[in-house]
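Notes follow once the structure below has been shown.
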Amino acid sequence: MSEDVEPGIVVVGVGGCGCNTLNRLYEVGVDVPTIAVHTEAVHLKTVKASASILIGRTTTEGRGSGGNLMKGQMAMSENVDEVIAAMGSPNVVIITGGLGGGTASGGIPRLLEEVRARFTDALRICLVTIPFTFEGVNRMENARMGLRAIIDRSDLTIVNMNDLLLKKIGDIQVQYAFKFMDSILVNTLKGLIDIITKPAVVSISFADFHSLVKDMNLGMVGHGVGRRVKEALDNAVKNKLIDADLETAEGALMYITAPPTVTLQEASEAARTLTEQYRIGRVFWGLRMEEGLERPTVMLAASNVTSPTITSLIGTTEKIF
Ligand SMILES: Nc1nc2c(ncn2[C@@H]2O[C@H](COP(=O)(O)OP(=O)(O)OP(=O)(O)O)[C@@H](O)[C@H]2O)c(=O)[nH]1
Ligand SMILES: [Mg+2]
């Protein structure tokens, strides 16, 4: 990719949760192509995306995979060429979905294989959720198998755990918990897209971004708002939805969106805590000013973190093959 060409990003939402996330992304408004991929025809019709692709017409007859991971995988195989064709020629492929059902847990790994084969140089980033424990052992088993295969086939896999969300916000109705998670997923997608596409006072170059994501394994993201940048960063660390200590990260990226009154010193001092307090080897930070914003916000992303829960779920978060 030559220096002065903007990297091409495409966002793919797979399955029910992935498609709902694309709808939310549409409401927020982003300027990148989105592709909705689902086995459920009725649901897919409600999704606002640049392209919508029903997968597995033979395998699932447009009715969903019914929590069957093998069906999800076969459905993706049936139409994977269509999905790939809709992507154009991307430099970054972001795939999102909720693990636990069959479509995303079985379909995303299959899609990743194809993306890896067709777009060898493109970054593969996955953003997935782990189901609530109360959803049952079958869903957790699908999530376990899906996550294992996804980590192996993607560059960076950012994981949010539904259980931790409930722990943080307390006992609320499941539908609201999902909505809450939806907004976190959308903020993360929007943040990643902004970092790559929007001009900033202090920008994170694509080369920096690439080095933080390429060939990594487990990733985490947190969002925070505060009176000062440092407070926003502290809140971002607190708000992560994975039981991973930031100290275990190999690299981190802090993306600040702030009112024009913010100073470079304030921003750089906050970034320094990542190196000094959390002892992270590679840290990149970016700063974008936004008129009308009242308080600074921070998106913190870290790569190669260690999570006891995820490790006990899938064995190792290193790539197995
Ligand atoms: N945040 C959020 N999570 C959801 C939503 N819908 C489902 N989930 C979560 O995602 C997991 C997978 O559900 P679906 O997305 O429906 O699964 P699927 O990939 O469509 O697979 P099948 O329905 O089995 O074909 C569930 O176990 C929930 O934990 C949603 O709208 N928002
Ligand atoms: Mg579904």
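Worth a mention:
- Taking amide H atoms as placed 1.01 Å from N in the peptide plane, the amide H of G100 lies under 5 Å from those of S105, A143, each 5 or more residues away in sequence or on another chain.
- Selected from N235, N304, N160 as most flexible by GNM, with the chain as the system and alpha-carbon contacts under 10 Å: N235
- DSSP beta bridge pairing in segment 218-303, given as percent antiparallel to the nearest 5: 65
- Spin-label zone in segment 245-270 - amide nitrogen under 18 Å from a point set 7 Å from the Cα of V28 along the C-beta vector: 253-259
- GNM remark for the chain: springs join alpha carbons under 10 Å apart, and the peak mean-square fluctuation among R124, R153, R282 falls on R282.
- Among beta bridges that DSSP assigns inside the chain, antiparallel share in %, nearest 5: 30
- Derived scalar couplings ³J(HN,Hα) [segment 6-17; Karplus, 6.51 cos²θ - 1.76 cosθ + 1.60; whole Hz; x for Gly, Pro]: 5, x, x, 10, 9, 10, 10, x, 10, x, x, 5
- Note, ³J(HN,Hα) from phi for segment 164-172, Karplus 6.51, -1.76, 1.60, rounded to Hz, x at Gly and Pro: 5, 4, 4, 4, 6, 9, x, 7, 10
- When both bridge partners sit in segment 9-197, DSSP labels roughly 5% of those beta bridges antiparallel.
- Choice from V128, V202, V83 showing the highest fluctuation, given a GNM over the chain with Cα pairs closer than 10 Å: V202
- Relative contact order (%) - criterion: Cα under 8 Å, at least six apart; region: the chain: 15
- Inter-part distance where segment 49-71 and segment 159-238 are each reduced to a Cα centre, Å: 29
- Estimated [θ] at 222 nm from DSSP helical runs (n ≥ 4, -39500 (n - 2.57)) normalised by residues in the chain, nearest 500: -14000 deg cm²/dmol
- Summing charges over neighbours of D194, with a neighbour being any other residue whose Cβ is under 15 Å away from its Cβ, gives -1 when K and R count +1 and D and E count -1.
- Annotation: amide H-H contacts under 5 Å for I53 (H modelled 1.01 Å from N, sequence separation of 5 or more, or interchain): A36, V37, H38.
- For segment 281-297, putting each phi into the Karplus relation 6.51 cos²θ - 1.76 cosθ + 1.60 with θ = phi - 60° gives couplings of x, 10, 10, 10, 9, x, 9, 10, 8, 9, 4, x, 6, 8, 9, x, 10 Hz, in residue order, rounded to whole numbers and with x for Gly and Pro.
- Local net charge near R63, Cβ-Cβ under 11 Å (Lys/Arg +1, Asp/Glu -1): 0
All of the numbers you see were taken from the coordinates with simple rules; none came from a lab. None of the values given here were measured: they were computed from a predicted structure. Cβ atoms come from the backbone with ideal geometry, glycine included; neighbour counts cover every protein chain shown.
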